[in-house]
1. Select from the range 440-497 the residues that are β-branched (Val, Ile, Thr), more than 23 Å from SER533 (Cβ to Cβ) and within 23 Å of the chain's Cα centre (by Cα) and list them in ascending order.
2. Check off (1) within 16 Å of the ligand (Cβ to nearest atom); (2) in a loop (DSSP other than H, G, I, E, B); (3) in contact with a helix residue (DSSP H, G or I) (Cβ under 6 Å, 6 or more places away or on another chain) for PRO331 and give me the number that stays unchecked.
3. For the range 488-513, how many residues meet the condition of being surrounded by fewer than 16 Cβ atoms within 10 Å (Cβ to Cβ) and part of a strand (DSSP E or B)?
4. Is it the case, given these coordinates, that ASP38 is within 16 Å of the ligand (Cβ to nearest atom), buried (at least 20 other Cβ atoms within 10 Å of the Cβ) and in a loop (DSSP other than H, G, I, E, B)?
5. Which of the residues belonging to the range 140-157 are in a strand (DSSP E or B) and either in contact with an Asp or Glu (Cβ under 8 Å, 6 or more places away or on another chain) or within 16 Å of the ligand (Cβ to nearest atom) (or both)?
6. So, TRP213, is that one buried (at least 20 other Cβ atoms within 10 Å of the Cβ) and touching a residue at least 60 places away in the same chain (Cβ under 8 Å) or not?
7. Taking the conditions exactly as written (surrounded by 15 or more Cβ atoms within 10 Å (Cβ to Cβ), closer than 23 Å to ASP412 by Cβ and of a type outside the set (Ser, Thr, Tyr)), does LEU228 satisfy them or not?
8. Against the condition β-branched (Val, Ile, Thr) and either crowded, with 20+ Cβ neighbours inside 10 Å or touching a Leu at 6+ places or on another chain (Cβ under 8 Å) (or both), how does THR359 come out, does it pass?
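The values are calculated or read from the model by the stated rules, or taken from the named source; none is laboratory data. Since we're looking at a predicted model, the values are computed, not measured. With ideal geometry, Cβ positions are generated from the backbone for all residues, glycine too; neighbour counts draw on all protein chains shown.
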Amino acid sequence: MTEAVLAGSATTRGIVGADDQWWRRAVIYQVYVRSFADGNGDGIGDLAGVRSRLQYLADLGVDAIWFTPWYVSPLADGGYDVADYRAIDPAFGSLEEAERLIDEARNLGIRTIVDIVPNHVSDQHPWFQAALASGPGSPERARFWFHPGRGKDGNEMPNGWVSNFSGPAWTRTQNPDGTPGEWYLHLFSAHQPDLNWSHPDVRAEHEAVLRFWLDRGVAGVRIDSAMLLMKDPALPEIPAAPGPGEHPNTDRDELHEVYRRWRVLADSYSDSRILVGEIWLPDIDRFANYLRPDELHTAFNFDFLARPWDAASLRDSIDSTLAAHAPVGAPATWVLSNHDVTRPVTRYGQADSSFAFATRRAGVPSDIELGRKRARAAALLAAALPGSLYIYQGEELGLEEVQDLPLDQLQDPMYLRSGGTDPGRDGCRVPLPWAGTGSPFGFSPVGAIGDPWLPQPNRWAELTVEAQQRTPHSMLNLYRTMLRIRRSDPVLGDGHLQWLPSADDVLAFARGDGFVCITNFSHAPIELPSGCSLLLASADASDGFLPSDASAWLRPERSPTYDGTLQGPTEGGE
Ligand code: GLC
């Protein structure tokens, strides 16, 4: 293997900015600030907590941190209801502290990505408050989607759109004199009024917010709900089967012009600043349109995350992802989890291991041990694929979804608005266990005055960072080794893969001449190819057999016995 050192590898880590293509292979760690680490002991994660744990992230081997919204917010949707885009919520810290954090991370070779929420604001945002205070037809209301109701006395919603958090997408206002007034649109909760992106103020304000953060040295922005900003001004009902670009509130063609302007803005900085889209779209070619060279740099690949633990399905997702990205020249991203979806350990242990918001239900049983094996295997699979990789905090600890949180402590509007049908997302947002044998597991400092904002299960004593550091084959050590190998091998990250012949329930591919990844989805061990040395495996493969639900990374030694073929399942290979 070549010893060439890529920018971004251990040797050059201090020089953030030295590699303008860094994002094509980066490992980006998602910090959900509220639940990462609590510095001031109030039970809520904060910037002081993140600063105290930066070395942990450096040791893990990540290239960048994406922070979920840290702005002033009433937290009606965990911070995705922003009241001031230029200030940090006092529960988290201050702007000055965010600036320090960005610098400290940079000194450790870690870039920072902030979360921009352009589709909607908090109902406490000064613009919305001004809109409520001003009458129908006012310029203040024109920045939102206020509309008279239908029917007698305007009692019916302007159309039948449904919120992404269940229930109606419209809420009726009261006039200053107390009489029922106009309705306003919110594709999420009623505390998140949608902005009108045809309005010049809305565009100018968000461009100013982008500059505000890019001027503070952030390396990029994650764009929340990036496919929703533009609406058909006629507000028609949603057709049963809208054709491409025909949906009245999703993936409208006018959006591309917004992102082209943002790209010019990002490119006006001399070092590379990136735009990452949160784009949930079933049509992968429409998805890829956002990644044309003059639009966003990358977008989360949710198709991979939504697939069940099944070789054919995952292979299909990998193939279609790579095929859709190739024509636009963008690298794919690989995402196993985030703050919105069921944690992989739990999902992969469920009878139906696919993910969809629409079908997620509370109380689905999971074989956590099986799920954890598969999550380990999935990590090696995802990290070996061409492109960049996202890790959601706690994924590297193998945390499961906490499905037994007390119902009266749940905060997620997805749970609240669905009347409990949807379990909501609190279960993947439980504060991290760092050390010790009981809650708060080092999440809050000794002598903390507040309990963690969501209770941590006692069983997490085995999953703390401290405990896993001591355990050679822990998930944390697997992730650390995986990221170290990924960073030091230039063939990983951006590039191509070559599928190798294998049985149907095995995925095997090469990256260049010197790297092979094999995942065994079958129910029996498979023999690893000869002529390869084992770099890393998600389960014990030291006898030359890869157990079921496991992945291995191999280095072919160019031995004449290695011909690129792999055997199918072998019974009794223990
Ligand atoms: C995105 C966020 C999610 C949030 C929603 C509304 O999907 O990831 O957490 O609730 O947008 O802003």
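1. If the condition is that a residue be β-branched (Val, Ile, Thr), more than 23 Å from SER533 (Cβ to Cβ) and within 23 Å of the chain's Cα centre (by Cα), then THR464, VAL465 are the ones that fit.
2. All conditions pass for PRO331, except number (1).
3. Step one: filter the range 488-513 for residues surrounded by fewer than 16 Cβ atoms within 10 Å (Cβ to Cβ), giving 495-496, 498-499, 501, 504, 513.
When the remaining residues are screened for being part of a strand (DSSP E or B), the result is 498-499.
Of the residues in the range 488-513, 2 are surrounded by fewer than 16 Cβ atoms within 10 Å (Cβ to Cβ) and part of a strand (DSSP E or B).
4. In short, no.
5. PHE144, PHE146, HIS147, ARG150, listed by residue number.
6. Judged against the criteria, TRP213 is a match.
7. Numbers: surrounded by 15 or more Cβ atoms within 10 Å (Cβ to Cβ): yes; closer than 23 Å to ASP412 by Cβ: yes; of a type outside the set (Ser, Thr, Tyr): yes.
Considered against the rule, which asks whether it is surrounded by 15 or more Cβ atoms within 10 Å (Cβ to Cβ), closer than 23 Å to ASP412 by Cβ and of a type outside the set (Ser, Thr, Tyr), LEU228 comes out as yes.
8. For THR359, the condition - β-branched (Val, Ile, Thr) and either crowded, with 20+ Cβ neighbours inside 10 Å or touching a Leu at 6+ places or on another chain (Cβ under 8 Å) (or both) - is not met.
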